[in-house]
1. Taking Cα atoms of the stretch 4-67, Rg/Rh with Kirkwood Rh, to two decimals?
2. Neighbouring Cβ atoms within 10 Å as the yardstick, rank 88, 1 fewest first.
3. Quick one: if you stick a label point 7 Å off each Cα along the C-beta vector at residue 9 and residue 62, how many nm between them?
4. Taking neighbour Cβ counts within 10 Å as the exposure measure, how do 37, 11 sort from fewest upward?
5. Would you mind ranking 54, 2 by Cβ crowding within 10 Å, fewest neighbours first?
């Protein structure tokens, strides 16, 4: 189920206004507003367009929070150095231990 709060969160984190997101995705500001207010959920094509713009998987908009997202969904730029994702995973595990964070997978 599409979570409007996730769209608001990612848009605001990128310091974008609804109008700017609309211009960059080809969707109308009214449509973006309706998605964010939960009047209706975007169809699969619109979800794909929005997810692609923000470089997140479509599932990002179906999860309540980032903790619900598997690390493998993180998309890195194509020119990222080899091993970056592995290093990031290891560092994330280190931080979980350091701050005694318990997750379903640990």
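Read-outs throughout are calculated quantities, based only on the coordinates presented, and are distinct from any laboratory measurement. Just so it is clear, the model here is predicted, and its values are computed rather than measured. Methodologically, a virtual Cβ is constructed for each residue, glycine included, from the backbone with ideal geometry; neighbour enumeration extends over all protein chains shown.
1. 0.91
2. 1, 88
3. With each label point 7 Å from Cα toward Cβ, the separation is 1.7 nm.
4. Ascending number of Cβ neighbours within 10 Å: 37, 11.
5. Listing 54, 2 from fewest to most nearby Cβ atoms yields 2, 54.
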